[in-house]
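Participant: Before we start, here is the structure in question, set down as structure tokens.
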């Protein structure tokens, strides 16, 4: 099991993006199930391999995946990341992952999240630096080429493949150098500025969080019985978490039941097939079939599987030798490539010499070898087709089982007959007629749309021409910008009217709120009316008790005066005893009366608090039932009031009011920003109006002959000049 320090580190890393898991150390140690840990491993692997667009780990739900496929997928990826358990004990790691061993799951998850960025970089490099797989018939050792290469075409094909592999290796070396250069550029960036910016951002977030906490503390301090409410909220949250966990467990168990049912149906179908074969076929046919299956399985176990295992082992040995060798320079690679090309040429020459010197018996032997190779290739092709057909059969069986489950769950559709079929045909004809009518209407609307679009273009052209004409007239008259100023004033007036409308709506809303408050106050007054009536009755009772008290006090004072008079008559001992006893009784009476008053007030206070607590508890229970659902009465109430829970309703109202307030503030800012330019435009327009009025007055004077003398004088002055 992982240590507490490892669990703490694991919880911290998983709580950070991109995982954002809210798991604590205690939950990781006790409550998190192995299935959840395995799903978390799959999610972490998906984030590590996100650079691969064709990654098989992306958005995988292990509940919908076979356990063998999950283990194989994760084991291969861990081996690529050089996880020590995957490198040393690959089979044991796969077995532990299949058995959901918590120790292996924790160690694997810790390995993935501890060096997340390094693993991400390694997965990205593996995407481009992985060696492509070559089919076995093209990956034979060059030393054996002399024995199996009996055609020049096969040799040329092999040489082409070797050249392609060489090109891939050179491209990978170029990628390595480019990637190192890019890492150097990234590391030489301005890290100090980034750290300062992050620290400043964290300080701002800290201040925001502290201010929010202070506001919440102030709000909570003013609430009565805040500790009880906090405890109730804590219990509610715990219950909701437990309910969510129980729901998740129910889903997992249902998924397991579904998988078990599918396996059971598959086993039952296989049993039925076996029984059908036993009953329909003869013992000889059944025995012959079993012999064929035995031969096929024997061929797979003795010939096909050993070859595959040997190929994988040879590939592992080659990779291990490559990893063990030191890094090569470009000169070493050039020398090795030159040596490989010389060896290939030598092999080709030897093959040609052998083909020229071969005798007739050797030709026959080569023919037999060729036939044997063809037969072996056919066997390998048959094995591959068999495996593909087996996988396809498994997929089809799974689909068939799922379809059967769907048929069982659904009621199924019935074939229409007689009157039902006629009714269906008539409805279909009606729908077809309606469709044709709608289609014709749509065609008419499209034609009308084309006409309107063309009309709009023509009107836009005319508008442009009119604008140019207005601009020319303004230039001619000397009032350039008059039309634009008029349009601006119209827009300003429209905006002002819109603002007035908004203000009117705001005032209407305020009046509605005030009316609502008045209605609420009236309702509260009506609720308090019986309480006030009862209070009046209690006041009358109190007045009667006070009158009775005054009467008793008067009698008591008279008795006290009589007792005091006994002192002067001579009964000193008796009067002292009576006086002391009376004083003691008076004190006890006052104490008892005060206790009665205190107990009554405490009783009424406790009764009121109890009723408030019951009302609050009823509201909480109703809110919980509304949140959980399942009750028909509560669902009817939810439909009647239009929302599920009051929490959702009030949150929605708050969000709507916030959006409305935000929109009003933006509108207010916009109006304030545009107020001064609009006022300037109004002043400019007033100046333009004055200028036009002066020009109009001047032109009238000229037309009336009042300004001819002045004009003539000016003309004469100009002529003199």
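The values are calculated or read from the model by the stated rules, or taken from the named source; none is laboratory data. Computed from a predicted model, the values in this text were never measured in an experiment. Here the Cβ is made from the backbone with ideal geometry for all residues, glycine too, and neighbour counts use every protein chain on show.
Conditions (1) out of contact with any helix residue (DSSP H, G or I) (no Cβ under 9 Å at 6 or more places or on another chain); (2) loosely packed, with under 10 Cβ neighbours inside 10 Å; (3) outside the structural domain of residue 671 (by TED's automatic domain parsing); (4) at pLDDT 80 or above, marked per residue:
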| position | (1), (2), (3), (4) |
| --- | --- |
| 499 | no, no, yes, yes |
| 502 | no, no, yes, yes |
| 506 | no, no, yes, yes |
| 513 | yes, no, yes, yes |
| 517 | yes, no, yes, yes |
| 523 | yes, no, yes, yes |
| 526 | yes, yes, yes, yes |
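Participant: Could you please find all residues in region 213-264 being touching a helix residue (DSSP H, G or I) at 6+ places or on another chain (Cβ under 7 Å) and not in a helix (DSSP H, G or I)?
Facilitator: 223 - this is the single residue of region 213-264 that is touching a helix residue (DSSP H, G or I) at 6+ places or on another chain (Cβ under 7 Å) and not in a helix (DSSP H, G or I).
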